[in-house]
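A short reminder: the numbers here are calculations on the coordinates, not readings from a lab. Treat the numbers as computed from the prediction; the structure is a model and nothing was measured. Quick reminder, even Gly has a Cβ in these numbers, built from the backbone with ideal geometry, and neighbours come from all protein chains shown.
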Amino acid sequence: MSKFELKLPQMGESVAEATLTTWLKEVGDTIEMDEAVFEIATDKVDSEVPSEVEGVLVEKLFNIDDVISVGQTVAIIEIQGDAPEAVDLQDSKPVAAAKEEATSIEQEMDVVKEGVSASVSDYSGTDRFYSPLVKNIAKEEGVSVAELDEVAGTGKDGRVTKNDILDYVASRTSGNSMNTDREVTPVPNSAPAKNMVAANEVSSNPKTTNGDEVIPMSRMGKLIAQYMRESISTSAHVQSFIEVDVTNVVNWRNKNKISFEKREGEKLTFTPIFMEAVAFALKKYPMMNISLDGDVVVKKKNINIGMAAALPDGNLIVPVIKNADQLNLVGMAKAVNDLAARSRNNKLKPDEIKDGTYTVTNVGTFGSVFGTPIINQPQVGILALGAIRKVPSVIETPEGDFIGIRSKMFLSHSYDHRVVNGALGGMFVKAVADFLEAWDVNREV
C-alpha cells in the first residue's frame, strides 16, 4: 500500500491560491480515477478538483473556507501498489532522510503558523474556532472579537463561514444589526451544497437603507474589480478601431449553418470564424503573442486564445482555446461551443482557464457597436468584436461606385503601448479585418 498526495493544481498565471468550498468525499470513501474530490473557488473560476488515482480517501488536510496555495497537498489517498508521485510510507526512504524531511515540514509549518498568527493576532483571545479566511475578513473590516463571537454560524457545528462574516459586514455597513439568534439548519457536507454556496455567494438577502438597496459584491465580482483596476494601472492602454465588411462571412454562414449542424451536431456561430481570423493574425504578427515580465518580453511559443464569456450572475470568465492556430474551422467550432456551454454551467476545469496568450471579447452580443476592453494581464492585447449591422455602403466596382446594403462590424483593439506601438497594433487588427473581408463564399466546411 502507498499513499498519494492530491495537490491543488495550477489554475492560471495570476492565480496563486484558492478557497476550499466543498468536500465531495469523506474519509473512508472510495475514489475512482478522475472523480471529483473537492471544490475550490478563485477569482476566475469555481471548479471541481479530480483525483489522479484510484483509491480510498484517508486524510483531509484543510477545512471548508480555508485558503490553499497552489501546489499544497489537500488530501491523502491510499492506493494499491505504486502510482505517479505516490509517497510510499513503508520503507520508501531511509529513516534518517524521513526524519530530516519531517523536521523540514515542521519548520515550514511553524513559519506558516507565525504568518497566520501575525495576520489574525487580534482574534487569539477567543475560544471559538475561526478559519484564517474568516479572521482575515474580520480584521480587514474592523470586526472586533466580541462582535465576531456574536455572529451566528451556518457551518458545521455552528462554525462561522465566509458568507456568514460577509453577510454580517454587509448588514453592519447598511446600519442593520444581524439577527444572531436565528435558527440555522446545518447543511450536509455533500455535492448538493454547491448550489446553496453559489446562491449565498451573491447574497440572496440584500439589505436596504432609506429605500436604497445595498447589494454586497460577490467574491468573484470583488476580485474582478481588483484585477481590472490593476490592469489599468499596469498597462498603457491605447485602442485602434477598424470597420470590417463581413457580408461574405454572413452569407457563407447562412448558407452552411443548417448542413453543418446536421453533419457535425454543432451549431455554427460567428465566433469560431472570428477566432480563426485572430489566430491567423497572431501567427502573422507574433509580437502580439507576448507578455511583459518586468523589463523582459516573453514571446509565447503557443497561440492560446482566451474567449471572454458572460456568466448568468453578470460576471465574466475567460476559457482558453489552446493551440488555436492548429485547429480547422470544425475543430474551432467544437472547442468554442464546448467551452461556452461549460462556462455557463460552471463546469470548466482549472487547466482550461490558464495559459492564455491573447483574448477576444464579443461586445456585440449585447448590441454594442464597439468598446474599449481592458487587457487581461499579463497579456498585451485584447480584441472586442462589435455587433454586425446592415448598413448602406459605397461599393467600388470597375464600372464605378454605387450604394448597396452590406453587413459590417467594428473591431476594437486594446493593446499595451509599453511594448506594442501604434503601427503593430494597427497592422494586427487590419490583418484580422483583411482575413474576414477575403472570406471565400464557396469555401467548404
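Using 0.36 nm per residue and subtracting the Cα-Cα separation, the extra length available between LYS283 and ALA16 on full extension is 93.1 nm. Segment 301-374 and segment 19-43 have Cα centres lying 26 Å from one another. Computed from phi, the 3J(HN,Hα) profile of segment 354-359 under the Karplus parametrisation 6.51, -1.76, 1.60 (θ = phi - 60°) reads 10, 6, x, 10, 7, 10 Hz, with x in place of Gly and Pro. Once the C-beta distance of VAL27 and SER69 is scaled by a Förster radius of 30 Å, the resulting FRET efficiency is 0.85 to the nearest 0.05. Please list, ordered by chain and number, the residues whose modelled amide H lies under 5 Å from the amide H of THR22; skip anything fewer than 5 residues away on the same chain. Long-range HN contacts for THR22: GLU39. Which entries in the list LYS301/LYS334; LYS7/LYS135; LYS322/LYS430; LYS25/LYS267; LYS255/LYS334 go over 30 Å, if you measure between the two C-alpha atoms of each? Exceeds cut-off: LYS25/LYS267. Using the Cα coordinates of segment 237-437, the gyration tensor eigenvalues translate into equivalent-ellipsoid semi-axes of 27, 23, 15 Å, sorted from longest to shortest. Applying 1/(1 + (r/R0)^6) with R0 = 45 Å to the Cβ-Cβ distance of ARG229 and GLU266 gives a FRET efficiency near 0.75.
Sorted ascending by nearby beta carbons within 10 Å, beginning with the fewest, MET33, MET228 become MET33, MET228.
Sorted from longest to shortest, the spans of the Cα atoms of segment 393-445 along the three principal axes equal 45, 31, 18 Å. Zone of ASN254 (label point 7 Å along Cα→Cβ, backbone N under 13 Å): which residues in segment 383-422? What the label zone holds, given the 13 Å backbone N cut-off, is 389-391, 405-408.
On full extension, the segment bounded by SER368 and ASP149 gains 73.9 nm, given 0.36 nm per residue less the C-alpha separation.
So which GluC sites (Glu not before Pro) in segment 218-316 end up in coil per DSSP with only 13 or fewer other C-beta atoms within 10 Å?
Filter output for segment 218-316: empty list.
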